[in-house]
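What follows is one structure encoded as structure tokens, with my remarks underneath.
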Amino acid sequence: MGVSSPPLPIICIYLAAALIGKAHSEGVCLHDGTHKATPSPELHLSECGLYADNSCCTEDNIQDINYFPSASNKNEPWDKCGALSPECEGYLKRVSCFYRCSPDASRWPHPHRRSYIQAVPLCHSFCRDWFDACRTDMTCARNWARDPRGQNCTGTCVPYQQMYQHGRDLCESLWGDAFMTVEDDPQEVVETGDAGAEGRPCGCLTLSPSDKDVIAALRAQQDDPEELDTTKTGLPQYRAPCKAKLPEAAKSSRKGNAVLRKRSVEIEDVEGSGSGL
């Protein structure tokens, strides 16, 4: 007795489900013991809803979103210097949600620590707004993961505007070399030369829904560099991130107008310890 084939409509349903599943699983999760093995929908994320459609975290993973990992692998609270303003805390959560939940964070892996990220391109406008939001809030360490002053804030708290010079300094210091700053103001791009090899401005992230365009451009650039030729009619005018330019050791001094300036994080990465943001 022959086995009958499933009806065509059922086959179509299975194929559609497979395609949807593939779309949801775009990206790769970091491996630090707290991220999921592969990204998938998490429709009930209370804090990191931007990544609910395709997430590397679960609701349980982000119960401690208001804490950051220290060098001693202990989670330390953000508000050791007192309660943070809602605006400041909102920016810190956006950064932490990207690291913990985004399936695209792994596109910027640290060369020596697989559970960490390096040189993720944040837009200067985002960094400037982050600095403005936290300007009068209190903190006690420049690099939250390594600075020993972060372990005991008694008598050492200062305003963000005293700890950091400006938005770029904040973005490129608070979590070491995890982030770099990219100009997204056309006039400043001209002044700083922050553009790609063809003279086009670089793409950058704002940790908001608009990042999908940047990620789409990055994916297209990897699959087919010619697809990003914006001179071709009908192609999306996306801007992919330019390749990170690591500064020379001789240029380690702090300069307010440097486009890219990163500090290395000396975190001892214990696999599965959750080292990172």
The pairs in 93/243; 36/93; 36/243 lying past 21 Å Cα-Cα in this model are 93/243; 36/243
Quickly work out the residue 63-to-residue 212 label distance, labels modelled 7 Å from Cα along the C-beta direction, and quote it in nm with one decimal. 3.1
The answer for residue 179, listing residues at least 5 apart or on another chain whose modeled amide H is closer than 5 Å to its amide H, is 119, 120
Using 0.36 nm per residue, how much length does the chain from residue 185 to residue 136 gain when fully extended, once their Cα-Cα distance is taken away? 15.1 nm
Considering amide H positions built from the backbone, and no H for Pro or chain starts, which residues 5 or more places from residue 55, or on another chain, come under 5 Å of its amide H? 40, 42
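No lab work stands behind these numbers, since they all come straight from the coordinates. Predicted model only: the values in this text are computed from it and were never measured. With ideal geometry, Cβ positions are generated from the backbone for all residues, glycine too; neighbour counts draw on all protein chains shown.
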